[in-house]
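In what follows, a structure is listed as structure tokens, so that the remarks can point back to it.
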Amino acid sequence: MLCEYFSMNNYFDVIVIGGGASGLMVAGRTAEKGGKVLLLEKNNTMGEKLKITGGGRCNITNAEYDTHELLKHYGSAGKFLFSAFSQFGVAETFSFFVSRGLPLVVEDHKRAFPQSHKALDVYNVLEKYVREGKVTVKVNSPVTKIVSEKNHIISVVCGNQEYFAKNFIFATGGASHQETGSTGDGFNWLKNSGHTVVLPTPSIVPLAVADVWVKRLAGITLEEMKITFSADGVKAFSKKGRLLFTHFGLSGPLILNSAKEVSDLLRSGTVTAVIDIFPYEDIGILERRIIATFDTNKNKMFKNVIAEIVPAGMAKGVGRILDTTLLNKKVHSITTEDRKIIVRLLKSLSLTITGLMGDDRAIVSDGGVSLEEIDMRTMKSKIVDNLYVTGDLLHINRPSGGYSLQLCWTTGYVAGSSV
């Protein structure tokens, strides 16, 4: 028996590599089932990415309880995920966290957050889960070598230390937010073990733009607008939602969830975007509303009236991109042509997209092991007989809105229950 040849201090039932969302879940669940577990984390603390997710608020899941409807958000991967989500889905996620003293709240678009709006509270629940299971945790322990024989992993090496186990779980995360340690190590290990691995590309990421005026609007949010993307002058698609201007371009939920499509467009030519600040008013209605506002503010300077025309918080932004001469005109001096310029600006703010911001700003990167090579009922590899794979290492495209963390909870829990 293998443990006769190795110290019990370096032999385990299961070794989990990666102390992120899925790694914490799978380690805790495996220990709960009675396994002797070692969790190896390359950083000096676990859960680095989890602690900053959702801007520190942690969009813990999406409160869509109909599994069929939920899985539509995972694209072609949905057909592979039904068995796993039937074992541990949204309802089970709510029960898991709430029963451990972390109440959740549901906001717009069914996005669920901890009631405290603190990602650290989510991490604390999982850290306690791992600690109560008596999981051996080693931080500052990057895996430098996977020792395999045929289609079987024997051990992993961390510097001068070698650790042995019956089974191994890769939970290293993808390639987004590389400053948190998600540098794609697991992709290389999977490829070297004979798996088919799709190279990662940023899939939920802000967009960079060429137009200097966008920087003047940095920090300004449009709660409800419409953006239309075109490639070489040919309209491709439009979306409505929330947009955030940044010092490098565009962000916000709608933009993040459009990044994959924009990436495809960029391969075919120049990509432009047109923002309609008033998607629910046609030009005629908007112009009549502006005229009515002007009629009641004839003796004011136009720059002092903008706030009564544009959405809340947008007055400063519009003021930054309109001609100074026009801004300093008295309302009664604004010509018909001036008014049409204002209307066109509000209905068709045009800009040029230069690219995606890259893995350093990505919320999620796609890529990973082909789902056809994983038994999705257990998360076990079909190629390496004692390997399980979870979370962002699986090649699954999904939007922002809680879907990524739900994937981590589901695959981690299922792997932990199966191993």
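The values are calculated or read from the model by the stated rules, or taken from the named source; none is laboratory data. The structure presented is a predicted model; accordingly, all values stated were derived computationally and were not measured. All Cβ positions, glycine included, derive from the backbone under ideal geometry; neighbour counts span all protein chains shown.
Points to keep in mind about this one:
- Residues in region 24-63 that are assigned to a helix (DSSP H, G or I) and over 16 Å from S400 (Cβ atoms): L24, M25, V26, A27, G28, R29, T30, A31, E32, E48, K51.
- Any hit, region 2-14, residues being assigned to a helix (DSSP H, G or I), among the aromatic types (F, W, Y), surrounded by fewer than 22 Cβ atoms within 10 Å (Cβ to Cβ) and touching a residue at least 60 places away in the same chain (Cβ under 8 Å): no
- Residue count for region 392-404, restricted to those that are modelled with pLDDT under 80 and hydroxyl-bearing (S, T, Y): 1
- Scanning region 392-419 for residues being part of a loop (DSSP other than H, G, I, E, B) and of a type in the set (S, T, N, Q) gives a total of 2.
- Within region 323-336, residues that are among the hydroxyl-bearing types (S, T, Y) have Cβ atoms under 6 Å from residues that are outside any loop (DSSP other than H, G, I, E, B) in no pair, counting only partners at least 6 apart in sequence or on another chain.
- Residue within region 81-90 that is surrounded by fewer than 19 Cβ atoms within 10 Å (Cβ to Cβ) and β-branched (V, I, T) present: no
- The requirement of being surrounded by fewer than 16 Cβ atoms within 10 Å (Cβ to Cβ), out of contact with any His (no Cβ under 9 Å at 6 or more places or on another chain), under 18 Å from K380 (Cα atoms) and in contact (Cβ under 8 Å) with a residue 40 or more places away in the chain is satisfied by K33.
- Meets criteria (acidic (D, E) and either within 20 Å of G249 (Cα to Cα) or within 33 Å of the chain's Cα centre (by Cα) (or both)) for E287: no
- When region 242-263 is filtered for residues that are touching a Gly at 6+ places or on another chain (Cβ under 7 Å) and either at positive phi or free of Cβ contacts under 8 Å to residues at least 60 places away in the same chain (or both), the ones remaining, listed by number, are R242, L243, L244, L254.
- Of all the residues in region 64-109, those that are of a type in the set (A, V, I, L, M, F, W, C), assigned to a loop (DSSP other than H, G, I, E, B) and without any contact (Cβ under 8 Å) to a residue 60 or more places away in the chain number 1.
- Test: residue in region 345-364 that is outside the structural domain of G28 (by TED's automatic domain parsing) and free of Cβ contacts under 8 Å to residues at least 60 places away in the same chain: yes
- Scanning region 110-167 for residues that are in contact (Cβ under 8 Å) with a residue 40 or more places away in the chain, assigned to a loop (DSSP other than H, G, I, E, B) and hydroxyl-bearing (S, T, Y) yields one hit, S141.
- Output for region 346-355, where each listed residue is within 17 Å of I290 (Cα to Cα) and crowded, with 16+ Cβ neighbours inside 10 Å: L346, K347
- Tally, over region 221-265, of residues that are more than 21 Å from the chain's Cα centre (by Cα) and of a type in the set (A, V, I, L, M, F, W, C): 6
- Among residues of region 307-320 that are outside the structural domain of G219 (by TED's automatic domain parsing), none has a Cβ under 8 angstrom from a residue that is polar (S, T, N, Q) and surrounded by 15 or more Cβ atoms within 10 Å (Cβ to Cβ) at a sequence gap of 6+ or on a separate chain.
- V209 being among the hydrophobic types (A, V, I, L, M, F, W, C), modelled with pLDDT of 90 or more and farther than 24 Å from D264 by Cα: no
- Helices (runs of 4 or more DSSP H) contained entirely in region 187-303, each with at least 1 residues that are closer than 28 Å to S404 by Cβ: 213-216, 253-256, 259-266
- Top-ranked residue in region 212-263 [being modelled with pLDDT under 85, basic (K, R) and surrounded by fewer than 19 Cβ atoms within 10 Å (Cβ to Cβ); ranked as nearest to G55 (Cα to Cα)]: K215
- If the condition is being outside any loop (DSSP other than H, G, I, E, B) and at pLDDT below 90, then region 363-391 contributes V364, S365, G368.
- Test for L387: is it buried (at least 18 other Cβ atoms within 10 Å of the Cβ) and farther than 18 Å from V205 by Cα: yes
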